[in-house]
1. Through the Karplus equation 6.51 cos²θ - 1.76 cosθ + 1.60, θ set to phi - 60°, convert the phi angles of the stretch 131-138 into ³J(HN,Hα) values in whole Hz; use x for Gly and Pro.
2. From zero up to wherever the largest Cα-Cα distance of the chain sits, split into 10 Å bins and tell me the percent of pairs in each.
3. Restricting attention to the alpha-carbon atoms of the stretch 226-275, what are Rg (one decimal) and Dmax (integer), both in Å?
4. Counting only C-alpha contacts under 8 Å and six or more residues apart, can you give the relative contact order of the chain as a whole percent?
5. Using a probe radius of 1.4 Å on heavy atoms only, what accessible surface per residue do you get for the stretch 124-275? Whole Å² is fine.
6. For Cα pairs less than 8 Å apart in space and 6+ apart in sequence, what is the mean separation divided by the residue count of the stretch 189-273, i.e. the relative contact order in percent?
7. Across every pair of different alpha-carbon atoms, what Kirkwood hydrodynamic radius in Å does the stretch 196-240 reach?
8. Please report, in debye to the nearest 20, how large the charge dipole of the chain is about its Cα centre when each Lys and Arg carries +1 at its beta carbon and each Asp and Glu carries -1 there.
Amino acid sequence: AKAQGRNTYRFFTDAMSVEAQRHLSLERRLRHALEHERFVLHYQPQVDIASGRIVGCEALLRWNDPEEGLVAPGRFIPFAEESGLIVPIGEWALHSACRQARRWADAGLPPLRVSVNLSARQLWQTELPERIAAILKSTGLPPQALELELTESMIMGHEAQAVERLGQLRSMGLRLAIDDFGTGYSSLSYLKNLPIEVLKIDQSFVRNIPQDRNDMEIAGGIIALARKLNLDVTAEGVETAAQLTFLAEQGCDSYQGYLFSRPLPAEEFEKLLTR
Ligand code: C2E
Ligand code: CA
Ligand code: CA
Ligand code: CA
């Protein structure tokens with residue numbers, strides 16, 4: 001039994017060190033990627049339903065790894081959040097998206113808002129407002145052209161601090177959106193206290209329209225709520241014409257999804273804009 005115990009123990013430490021090594025190497029690779037500008041943003045259009053025009057875009061991060069190619073954010077963002085690397089990576093994304101939006105404006109393309117995802121660590125970083133102010137100054141992008149996407153889970157349990165922090169960002173002229181709305185178990189009462197402009201309906205409620213009656217009720221309910229609170233509402237993950245028709249009927253303002261376009265590299269997104 002003793003020998004067996006020792007074997008189990010050895011196996012355990014070996015497994016731990018494999019896991020620890022994996023994390024260490026991932027951390028090293030992410031730091032390297034940051035230093036060597038190996039991240040890229042893809043841009044997905046946000047389309048105004050009434051006019052059919054592109055009114056904005058969401059900047060979505062990818063890691064261009066020489067060995068693995070383009071790595072989707074789901075594969076490295078959770079780790080970046082855990083290790084704290086999301087702060088410099090997220091700041092790179094903010095800067096890069098603002099610079100790109102400014103270039104499009106300078107090229108004479110129609111005015112466009114750019115949305116950037118913020119992580120919890122960034123939201124609660126003391127100097128966030130100053131960092132964003134510095135990015136806007138250095139890129140020359142007007143604050144109204146920048147939208148920040150936050151999730152309910154980042155706010156949950158910190159409602160009072162959130163009112164203050166979002167108030168700071170709002171007073172800078174930024175637009176604030178609640179991403180993945182409906183997935184966060186949060187109370188609705190906090191919504192009316194937050195200085196936000198936009199609710200983004202999570203794609204899990206859009207995916208099964210029109211087969212799933214419950215999802216249709218939820219999506220319709222979120223749209224009705226947004227309208228009552230005087231918020232804009234964007235639907236995510238719209239893939240079919242039937243989904244778009246339903247959302248339009250319910251009074252949804254804008255949408256994102258493969259139906260219109262996948263997220264695209266900047267040059268391809270630009271072609272879409274000039275088309
Ligand atoms: P998200 O913010 O909810 O972004 C929407 C995701 O849905 C994107 O996945 C997008 O490519 C995908 N999508 C868009 N249209 C459709 C559609 O019609 N059908 C389906 N099935 N999917 C669609 P992506 O690019 O893999 O990003 C995943 C998540 O990674 C994002 O979810 C966001 O939470 C996070 N993320 C991306 N970029 C950043 C970033 O710069 N900073 C932080 N903190 N998180 C980021
Ligand atoms: Ca988002
Ligand atoms: Ca989302
Ligand atoms: Ca999501």
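The values are calculated or read from the model by the stated rules, or taken from the named source; none is laboratory data. No experiment lies behind these values; they were computed from the predicted model shown. Methodologically, a virtual Cβ is constructed for each residue, glycine included, from the backbone with ideal geometry; neighbour enumeration extends over all protein chains shown. Side chains are part of the model used for accessible areas, which takes the heavy atoms of the whole protein and leaves out ligands, DNA and RNA. Shrake-Rupley method; radii C 1.70, N 1.55, O 1.52, S 1.80 Å.
1. 4, 5, 4, 5, 5, 5, 5, 6
2. Cα pair-distance distribution for the chain, in percent: 6, 26, 32, 22, 8, 4, 1, 0.
3. Gyration radius and largest Cα-Cα distance of the stretch 226-275: 13.0, 38 Å.
4. 17
5. 49
6. 28
7. 10.6
8. The dipole of the chain has a size of about 420 debye.
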